[in-house]
1. Of the residues in the range 263-277, how many are buried (at least 24 other Cβ atoms within 10 Å of the Cβ) and more than 19 Å from Glu177 (Cβ to Cβ)?
2. Just checking, does the range 483-492 include any residue being of a type in the set (D, E, K, R), within 30 Å of Val376 (Cβ to Cβ), part of a helix (DSSP H, G or I) and in contact with a His (Cβ under 6 Å, 6 or more places away or on another chain)?
3. Taking interchain pairs and intrachain pairs at least six residues apart, which have beta carbon atoms under 7 angstrom, with the first residue in the range 19-32 and loosely packed, with under 11 Cβ neighbours inside 10 Å and the second not hydroxyl-bearing (Ser, Thr, Tyr)?
4. From the list Thr472, Thr459, which one is closer than 19 Å to Ala33 by Cα and in a loop (DSSP other than H, G, I, E, B)?
5. Out of curiosity, is Gly92 assigned by TED's automatic domain parsing to the domain that holds Leu148 and over 30 Å from Lys413 (Cβ atoms)?
6. Quick one: how many residues across the range 576-608 are under 24 Å from Leu250 (Cα atoms), in contact (Cβ under 8 Å) with a residue 40 or more places away in the chain and in a helix (DSSP H, G or I)?
7. For the range 662-694, which positions are at pLDDT below 75 and of a type in the set (Gly, Ala, Ser)?
8. Could you tell me which of the residues Ala192, Ala229 is surrounded by 22 or more Cβ atoms within 10 Å (Cβ to Cβ) and modelled with pLDDT under 75?
Amino acid sequence: MPSTGYSLRHHAIESLTAIKRPDVPLQVVLRNAAAVILPLGIGIASGHVQVGLGVAAGALNTMFSDQPGPYRQRMHQLLLASLVAGLASLVGLLVGGELPLMLLATAACGFFGGLLVVFGVDTARVGMTSMILLVVTASTPTSPAAALGGAALIFAGGLLLTTFSLAGWPLQRYWPERQAVAKVYEGLSAMALPQARDEAAVPALTEAMTSLQYTLLGRHRAHGRAMEAFGVLLELAERIRLELMAMDELADDTATYRGFRHEASRVLAAIAEALHHGDAPEQANDDLRTLRASEQALFDGDGNPHGLAAHVHALAGQLAAAARNADWAGSRGELRAMAAETRLPESLRSNSAWATLRAAMTPHSVAFRHAVRMAVCLSAALWLSRLLQLPHGYWLPMTAAIVLRPDFAATFKFGLLRVLGTVFGLVITTVLLHITPYDPWAHLLLMALLCMAFRYLATAHYGIAVAALTGTVVILLSFDGVNPGEAVIARVINTAFGCGMALLAYVAWPTWERGRARAALAAMLEAYASYLRSLARPDQRRGRHEARSAARTARINAQASIERMRAEPGTPAELLATAHALFANGNRLARSAMTLEALLDDLSTLPGQAEIRLFIDTLAGRVQTVAETLRGKSAHRDLPDLRRLQRHLLLQLDQPDRRPAAELLERVSDRLVDNVNTLVHVMERPPALAAPAG
């Protein structure tokens, strides 16, 4: 359980010690490092070191735009990053010697580059790359002809990395889609295990399913016959998840049932493995035969134990369908029919880029504030480095551009890890170069190892990755005649100053998350209320899918908001505790609502369907009221007593011949009422989130 109070020491220690599991595939590490090392090696061998340095620098700065996703999306992102890197380099090389023009350029680049955070992390990296290359190239201004040539080399480096990233497109056309689907089925495999009754046991599943929707149905999706199979697998994943939740509600703990769940988990794991490698799901088909035997054994002597029959049979059928479609989901086994046109759920579709930018152009916008902070901080850092004539002064604005983030938590974390990683990297690189033979090829090999370490560890631990990156840059500059042993102290000082300026810029005009967490939690609860309303409308099955997708996205946003708020100084412990309580109980409500959706067919045999729908609508209304209270609106008065309403509903439906279905409704409705009443109680207990923020 995260700490409910702020502690600078605790946050610093957590930033230093928290290490995630590296998630960058080996082939990505190798191709990115090759795009940096190969041109430099060819330049050394041919006697054109400067050409190799320019191409290698372009590839190094474009490296982080090589992210997972459909090939079309990757191509779009890498080409944009390469073009922006080339243009920023051209401006830096042309006007770097004129301080007024450079200050104007850094202000414009900082503002518009910072504003790109409104489009997400991947696009924000493009803005950061432009700022870095602008200030780095400005340290060596040159003639227009030479500037054009240097910018062209940096652009060529980005194109080389793009070529390496897309090289597998003709051979493995659907590789990104297969990996995204496989990740979801791995999560379902963990969820199917009998001990994984709580959805919190597989926390990555929600994010993985949302990511899969963007991959399969987003703007840059692929258009091939196999996409139909991927779409079917996505829909089956949703249905399998609901069936597993329904079975959790119905099942007892018999050994036969546990065996069936283990077999289901093995089938799902085998499907994921086949998708990972693009092979036919032969192991999954073998496991399916064993599962069918377990299914038969489960019902021998009892045709419908605890109402499980329909769900067990449905799950077995869905697993068989998933195995069939896994065989078709790839370039080796494309479907014979053309893919149907599918789109993202309406709740996940983005507006036009211009509309998004216009909406962000207000001082109340997080992106606008970040853009202003970035413009001022980048220009001030450049001006200070020129005023003090700092050795290797470009490290100062470069560090500020890298460290300054839209939120305090990330700015503090990246600043701390940047300083320590730079110091550690300089020390380690100095030692490694001292024990390495004085030979350019030996240094190139060392640089390749450090570059791969940086790419592999960047998402695992930023500080260690920065140490590897520092070594990579030091060796890269050594090929340009910069002595690795010189100005080590100057680089450390520039890095420390850059981090301090970034943190100061944030504190000077902050966007504290505690002023926005209420809105994020309210949006989450509103999405849950919409999901509940969709369950009360049996004629709108498609609407359930839309509402479920929107609720998933709102939950992810609320969780990120709470984590950012937890890392901010001055956050009241009561406010953080209330936010955690609302989030946790909101998750309980979402799981109960998904269980209700999974059991709707079982409950459809009960009389009084209109009363059941009215009860669900009343629950949704109460959740909506909590959300409105969070937004500072007046709470509704004279709301019905949910517990009394539930008892009245159950009394109406208490018929001996429908007793199993009535018991199901009793269990699910009891959980739903408890979840909603708990949310109301949390809101009424402390004033921390109930009153509008200042």
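1. Selection size over the range 263-277: 2.
2. Within the range 483-492, one or more residues are of a type in the set (D, E, K, R), within 30 Å of Val376 (Cβ to Cβ), part of a helix (DSSP H, G or I) and in contact with a His (Cβ under 6 Å, 6 or more places away or on another chain).
3. Within 7 Å, the pairs are Lys20/Ala460; Arg21/Ala460.
4. Thr459
5. No: the conditions fail for Gly92.
6. 19
7. Listed by number, the residues that qualify are Ala688, Ala690, Ala691, Ala693, Gly694.
8. Ala229
The values are calculated or read from the model by the stated rules, or taken from the named source; none is laboratory data. Treat the numbers as computed from the prediction; the structure is a model and nothing was measured. Note that each Cβ is placed from the backbone with ideal geometry, even for glycine, and that neighbours are counted across all protein chains shown.
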